[in-house]
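The numbers here are math on the coordinates, done by the rules we state, and not lab data. Remember, predicted model here, so these are calculated numbers, not experimental data. No Cβ is skipped: glycine too gets one built from the backbone with ideal geometry, and neighbour counts run over all protein chains shown.
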Amino acid sequence: MTSLKKTPLNAVHRSLGAKMVDFGGWDMPVQYPTGIIAEHHTVRQKVGLFDVSHMGEIRVKGKQAMAFLDWLTPNAVTKLKAGQIHYTGLLLETGAFVDDLLLHKVSDDDFLLVVNASNIEKDIDWIKTLARNWDVQIIDESDATGQVALQGPRSLDVLQPIIDIDLSQIKYYWFAFGNFMGLPVMVARTGYTGEDGFEVYCAIDKTEWVWNQIMESGKNQELIPTGLGCRNTLRLEAKMALYGHEINNEITALEADMSWIVKLQKGDFLGRESLQKQSDEGVSRILVGFKMLEKRDIARDHMPVVEDGKEIGFVTSGAPSATLGFNLGLALVPTRLKEIGARISIEIRGKSCPAEVIPTPFYKRAK
């Protein structure tokens, strides 16, 4: 049996009484003694701190870095300004996903890709194979980089006193370099919760110190450590995709309701032909949001969507919503069922349970 990988904060989580689980081969905190629901509400109303050092960081540098990434991914890399970030994907020729990622533009010849922890090796191999004929360098910086995510409406109040960047000047999906109590860091105004917040990147051996300084600064803002359990319920409310659920190597970007990251008009990119065909002909299935109509029914990941006793789709993610107070989820269903108000049935423990298609994202923070 292979032992689980550990982030530099593993001992910290254990000292805080976290419940640890295997998450894509990493030993990660799913919750602390406060519990998932309390952690979820704290991020929505105050502020929480997540360990995201398991994520992968891949540097793409060189004369052709921008042109290569614009061909490799479906979103428009050439439109990014230095210091800007966008969400995009690594796609197969079919238009389905190798992974999803955040792409940060440092300069025309220097980009940072942040990818999912369980896909780091696969992504590196994929990018390196496709980069062979391009004048670019692909550098895996994952083992050298620590990352923590401060999320919630009080994030700026916690981080500002201990950093020399004016955080109010960083717009959503932008980043800046600065000094965190003397330590060089990169700070991005991004996150996976639907809340305002910042992701702080630092040298791997400084991660525990950074975590401790943020926790200390956040004492009077009621900052608490938060785990993967609430990260999942928060991202689901905000309709943020999870690899292996809403997206995978069989679900295309258009089926995943992500036409907004597919810039068909920008010129050639990997997967463009398939996605153009899907766009012209229409997709046969699409990701929708739903709410369960009976309070006691909770749809869970991978449960079947049924019609006349036959499986016609499946739940990609499902959970009770702590913010909204009802049970909701995302499901891949035939396109004819995508209209708001459409009724679908989800099979829960052998029983067909009614649900209704509702608008997404389920939760959107007030600007």
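The modelled label-to-label distance between R349 and I139, using points 7 Å beyond Cα along the C-beta direction, is 5.4 nm. About its Cα centre, the dipole of the chain is roughly 840 debye, where the only charges are +1 on Lys and Arg Cβ and -1 on Asp and Glu Cβ.
How big is region 284-358 by the Kirkwood estimate over distinct Cα pairs, in Å? Here the Kirkwood hydrodynamic radius works out to 11.8 Å. Across region 284-358, C-alpha contacts under 8 Å between residues 6 or more apart give a mean separation that, scaled by the residue count, equals a relative contact order of 39 percent. Taking a ≥ b ≥ c as the square roots of the eigenvalues of the Cα gyration tensor of region 143-190, is the shape rounded (a/c under 1.5), prolate (a/b larger than b/c) or oblate? Note, shape of region 143-190 comes out rounded. Here is the tail figure for the chain: Cα pairs spaced more than 31 Å apart come to 37 percent of all pairs.
Between K206 and A11, the FRET efficiency from the beta-carbon distance, with R0 = 22 Å, is close to 0.90.
Counting neighbouring Cβ atoms within 10 Å and putting the fewest first, the residues Y363, Y192 line up as Y363, Y192.
Each Lys and Arg Cβ is given +1 and each Asp and Glu Cβ -1; about its Cα centre, region 284-358 then shows a dipole of about 80 debye. A cut-off under 14 angstrom between Cβ atoms defines the neighbours of Y87, and their net charge, with Lys, Arg +1 and Asp, Glu -1, is +1. A simple rule links phi to the HN-Hα coupling: the Karplus curve 6.51 cos²θ - 1.76 cosθ + 1.60 with θ = phi - 60°, which for region 108-114 gives 4, 10, 8, 10, 10, 9, 10 Hz, with x for Gly and Pro. With r defined as the distance between the Cβ atoms of T78 and K277 and R0 fixed at 25 Å, what FRET efficiency is calculated, to the nearest 0.05? In this case the efficiency is close to 0.55. FRET efficiency for the E250 to S168 pair, using the beta carbon distance and R₀ = 41 Å, is estimated at 0.45. Here the relative contact order of region 52-108, from alpha carbon pairs under 8 Å that lie six or more residues apart, stands at 28 percent.
For K206, K128, what's the fewest-to-most ordering of other Cβ within 10 Å of each Cβ? Sorted ascending by nearby Cβ count, the order is K128, K206.
Residue-wise HN-Hα couplings along region 178-185, as the Karplus relation 6.51 cos²θ - 1.76 cosθ + 1.60 with θ = phi - 60° gives them from phi, are x, 10, 9, 6, x, 9, x, 9 Hz; Gly and Pro carry x. Measuring against 24 Å, Cα to Cα, the residue pairs K6/K206; K63/K266; K61/K364; K310/K351; K19/K219; K266/K364 contain K61/K364; K266/K364 as the ones spanning a longer distance.
Is the shape of region 58-145 rounded, prolate or oblate, going by the alpha carbon gyration tensor and its root eigenvalues a ≥ b ≥ c, with a/c under 1.5 for rounded and a/b larger than b/c for prolate? Here region 58-145 falls in the rounded category.
For L228, neighbours were defined as the other residues whose beta-carbon sits under 12 Å from its Cβ, and their charges (Lys and Arg +1, Asp and Glu -1) total -1.
Each label was represented as a point 7 Å from its Cα along the Cα-to-Cβ direction; for W260 and E294 these points are 3.4 nm apart.
With θ taken as phi - 60° and the Karplus curve 6.51 cos²θ - 1.76 cosθ + 1.60 applied, the whole-hertz 3J(HN,Hα) list for region 330-341 is 10, 9, 9, 10, x, 4, 5, 9, 7, 5, 4, x Hz, x standing for glycine and proline.
May I ask for the longest run of the chain untouched by GluC sites (Glu not before Pro) that are loop-located per DSSP and have at most 12 neighbouring C-beta atoms (other than their own) within 10 Å? Within the chain, the longest run free of exposed GluC sites (Glu not before Pro) spans 94-249.
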